[in-house]
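Read through the structure below, which is laid out as structure tokens, and then see the notes.
The values are calculated or read from the model by the stated rules, or taken from the named source; none is laboratory data. Just so it is clear, the model here is predicted, and its values are computed rather than measured. We place every Cβ from the backbone using ideal geometry, glycine too, and count neighbours over all the protein chains shown. The protein model used for the area step is the full one, side chains on, heavy atoms only, and it has no ligands, DNA or RNA in it. Shrake-Rupley method; radii C 1.70, N 1.55, O 1.52, S 1.80 Å.
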Amino acid sequence: MKDSRIRGRIWVLTTPDGDLYDDVDTDMIFHNRYLHITDLAQMGQYALDNLVGWQDFAQRAQPGDIILAGANFGAGSSRQQAVDCFRALGIGAIIGESYGAIYKRNAINSGFPIVSLPNLARSYHQFKNGDTVEIDFETGQLELNSTQAFRAEPFSRVQMDIYRAGDLFAYGKMLNQA
């Protein structure tokens, strides 16, 4: 069973002007020119390569890294690859102020942890690329460099159950066996 706490190095998605990126759509996350790729292992190399300033993210990211994003992350289409490219890289979680509705559902169903941190636009300056963040999905407790605490929204019971099971299909199998 997956642990409800993770720790990782953070990437703060900022614009070239230093503002937190809002409204990062699925085409910026995983461009439509790669939609012919169906092998999950091959998707990671294209993560964020259509987002100005982040084209080399896949080459710099390491398994366990955590992404900090602005409001409405994953807006746009129902492109599952926009979740799967981060899973392929081993990204530990995404922390965002909010998410596109379909992206949120796709991530939860895939067992990929996304965390909502209200009012992030006011506090993102405290986070720097390379900082260490620890998140407890059950309580919403988020610690930055073991010195600053933030309160994110905890996972719902169903989101936690799907995450721990691995994905929605594994969760469904568990329910059938119960």
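Using heavy-atom solvent-accessible surface (probe 1.4 Å) with all chains present, what is the largest-first order of 78, 116? The partial results should precede the final answer.
Details: 78 75, 116 20 Å².
The most accessible residue leads, giving 78, 116.
Using a 1.4 angstrom probe on heavy atoms only, work out the carbon and sulfur share of the accessible area of the stretch 127-178 in %. Carbon plus sulfur share of accessible area: 50 percent. Considering only the Cα atoms of the stretch 50-135, their convex hull presents on average a projected area of 5.6 nm². Once you order the gyration tensor axes a ≥ b ≥ c over the Cα atoms, which shape class does the stretch 6-111 get: rounded for a/c under 1.5, otherwise prolate or oblate by comparing a/b with b/c? Rounded, since a/c falls under 1.5. In the chain, Rg over Rh equals 0.95, where Rg is the alpha-carbon radius of gyration and Rh the Kirkwood radius from pairwise Cα distances.
Among beta bridges from DSSP that stay inside the chain, the antiparallel ones total about 50%.
Rounded to the nearest 500 deg cm²/dmol, what is the calculated helix-only ellipticity per residue at 222 nm for the chain, with -39500 (n - 2.57) per DSSP H run of length n ≥ 4?
Details: 8 runs with 53 residues, N = 178.
Result for the chain, helices only: -7000 deg cm²/dmol.
Annotation: amide H of residue 20 within the under-5 Å range of 15, sequence separation 5 or more or interchain, hydrogens built in the peptide plane. In sequence order, the stretch 88-93 has phi-based couplings of 4, 7, x, 4, x, 5 Hz under the Karplus curve 6.51 cos²θ - 1.76 cosθ + 1.60, θ = phi - 60°, and Gly or Pro positions carry x.
Amide H to amide H, with H built 1.01 Å from N, residue 95 comes under 5 Å of 67, 68, 69, 115, counting only residues 5 or more places away or on other chains.
So what's the gap between the Cα centers of the stretch 70-87 and the stretch 118-178, to the nearest angstrom? Cα centres, the stretch 70-87 to the stretch 118-178: 17 Å. Put simply, the amide H of residue 64, placed in the peptide plane, has neighbours under 5 Å in 91, 92, leaving out anything fewer than 5 places away on its chain. In the context of the full set of protein chains, the chain has a per residue accessible area of 47 Å² (1.4 Å probe).
Other residues whose C-beta falls under 13 angstrom from the C-beta of residue 10 contribute a net charge of 0, scoring Lys and Arg +1 and Asp and Glu -1.
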